[in-house]
Amino acid sequence: MKSRARLLPLFAAAAIACSAGASFAATTVINVTEDGEGGGAMSLKLDPPTVKAGPATFAVHNDAMTEQHEMVVVRLKSPDLPIPINAAKNRVDESKLKSLGEVSDLKPGASGKLNTKLAPGTYLLFCNMKGHYEAGMEARLTVTP
């Protein structure tokens, strides 16, 4: 009987450890690769482009050789919402959008992460360094229920 009493705390600890591991497994990882140099085409690519709602980690990597980038995440009210541009600054007007966060100031070759919770809908990811959005650094993420 004494051996069973000693094993009970071990089984309880194992059950807690397994349930804690399950919560980490539920986080979706979205890989974001940024690329492009000043004066040329730029890109922001997502893998995968569609995910289920819930906790998510954006794993962002700047693949550029010389250009600094950032990644901003905003939820759009509708998929066809026009994106507000501040022409004088050659950037997206972030004050007119609701940001979920960003990974900023990524030097060439650097990586960063953003953890957030995603609700169903359409999200815009973009680099808002001067001229980068208009050079092609944007992508849309679809989040399903």
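The values are calculated or read from the model by the stated rules, or taken from the named source; none is laboratory data. Values in this document were obtained by computation on a predicted structure and should not be read as measured data. Cβ placement follows ideal geometry from the backbone for every residue including glycine, while neighbour counts extend to all protein chains displayed. For accessibility, only protein heavy atoms count, side chains too; no ligands or nucleic acids. Shrake-Rupley method; radii C 1.70, N 1.55, O 1.52, S 1.80 Å.
Counting lysine pairs in segment 42-113 that sit 8 or more residues apart in sequence, or on different chains, and whose Cα atoms lie under 21 Å apart gives 9. Ligands, DNA and RNA left out, the 1.4 Å accessible surface of segment 43-141 is 50% carbon and sulfur atoms.
Over all other residues within a Cβ to Cβ distance under 11 Å of Gly131, the charged ones net out to +1, with Lys and Arg as +1 and Asp and Glu as -1. Compute the Cα gyration tensor for segment 41-94, then decide on rounded, prolate or oblate, letting a ≥ b ≥ c be the square roots of its eigenvalues: rounded whenever a/c is under 1.5, prolate when a/b is larger than b/c in the other cases, and oblate in all that remain. Oblate shape, in that a/c is at least 1.5 and b/c is the bigger or equal ratio. The H on the amide N of Ala64, modeled in the peptide plane, is under 5 Å from the matching H of Gly36, Gly109, each at least 5 residues off or on a different chain. Within the assembled protein chains, the solvent-accessible surface assigned to Asp80 is about 120 Å², based on a 1.4 Å probe.
Start at zero, step by 10 Å, and the Cα-Cα distances of segment 32-145 spread as 15, 49, 32, 5 percent across the bins.
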